Amino acid sequence: MYLPKHFAETEIAVMHALMRANPLATLVNFGPDGLSANHIPLQLDAETGPNGTLRGHIARANPLSKRTTVDGEVLVIFHGTQGYISPSGYATKAEHGKVVPTWNYTAVHAKGALRLIDDRDWILTHLRSLTAEHEAGLSQPWAVDDAPTDYIGKMLAAVVGIEISMTSVIGKWKASQNQPAVNQASLVAALDGQPMAELIRSRAGK
């Protein structure tokens with residue numbers, strides 16, 4: 001990932017927060033047929049491994065579940081706040097007109113070896129934890145154990161667990177840090193009420 005210094009995020013807690021808030025990740029690997037990408041919701045365990053560990057599951061029918069398809073480390077990409085930035089939001093547009101559009105965004109790239117886990121108890125524990133996490137805010141949260149045991153048994157047989165101990169984590173927070181303060185302020189005003197406005201405000205002056 002191209003990463004100018006002024007867009008770099010180095011705080012692991014900040015990157016972990018983005019992963020938790022945006023768990024649907026793009027997992028990229030290189031196998032016998034070349035590059036492959038899968039979109040998988042991943043759960044972060046921040047306490048395990050040097051940079052944390054990601055856990056998830058995939059369909060047994062997915063070629064990724066075959067150990068021969070995974071060659072070396074994988075790349076996992078998480079996306080956060082993003083959006084188009086119009087030159088009309090820059091205060092300096094009226095001053096000299098030397099402005100162009102851009103796209104602001106936040107992203108985290110994680111790398112690590114993919115471990116396939118074909119263990120029913122592990123997968124069941126993972127699914128209970130993953131479901132509890134995402135059902136927590138609902139008025140009537142659903143739990144894995146609400147479904148018939150034999151049905152859950154069939155579902156478990158159809159998936160394989162995955163685990164990635166992250167060996168490196170890189171964050172990019174592109175939020176107009178390269179613009180003068182006057183443009184940062186005018187963008188915050190123009191985008192008032194949008195998540196991007198808060199992102200720009202939080203990064204102003206950094």
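Here, each number is a calculation from the coordinates, and none is a lab measurement. In this text, all values refer to a predicted model and were calculated from it rather than measured experimentally. Cβ: placed from backbone, ideal geometry, glycine included. Neighbour counts: every protein chain shown.
Observations on the structure shown:
- Applying 1/(1 + (r/R0)^6) with R0 = 25 Å to the Cβ-Cβ distance of residue 98 and residue 201 gives a FRET efficiency near 0.55.
- Normalised by the number of residues in the range 5-178, the mean separation of alpha-carbon contacts (under 8 Å, six or more apart) gives a relative contact order of 31 percent.
- Charge tally in the Cβ shell below 15 Å around residue 170, where Lys, Arg are +1 and Asp, Glu are -1, residue 170 excluded: +1
- Share antiparallel - DSSP beta bridges, the range 5-178, percent rounded to 5: 100 percent
- Counted by Cβ distance under 14 Å from residue 38, the other residues give a net charge of +1, where Lys and Arg count +1 and Asp and Glu count -1.
- Within the listed set 189, 46, 17, the residue fluctuating most in the Gaussian network model of the chain (springs between alpha-carbon atoms under 10 angstrom) is 189.
- Protection proxy ranking, peptides 168-178, 32-42, average beta carbon neighbours within 10 Å, highest first: 168-178, 32-42
- Close lysine pairs were tallied over the chain: pairs 8 or more places apart or on different chains with Cα atoms under 12 Å apart number 4.
- Part-to-part distance (alpha-carbon centres) for the range 175-206 and the range 1-70, which is given in Å: 29 Å
- Shape class of the chain from the Cα gyration tensor (axes a ≥ b ≥ c, square roots of the eigenvalues): prolate, since a/c reaches 1.5 or more and a/b is larger than b/c.
- Loop-resident sites, the range 1-98, for chymotrypsin sites (Phe, Trp or Tyr not before Pro), counting at most 14 other Cβ within 10 Å (DSSP): 2
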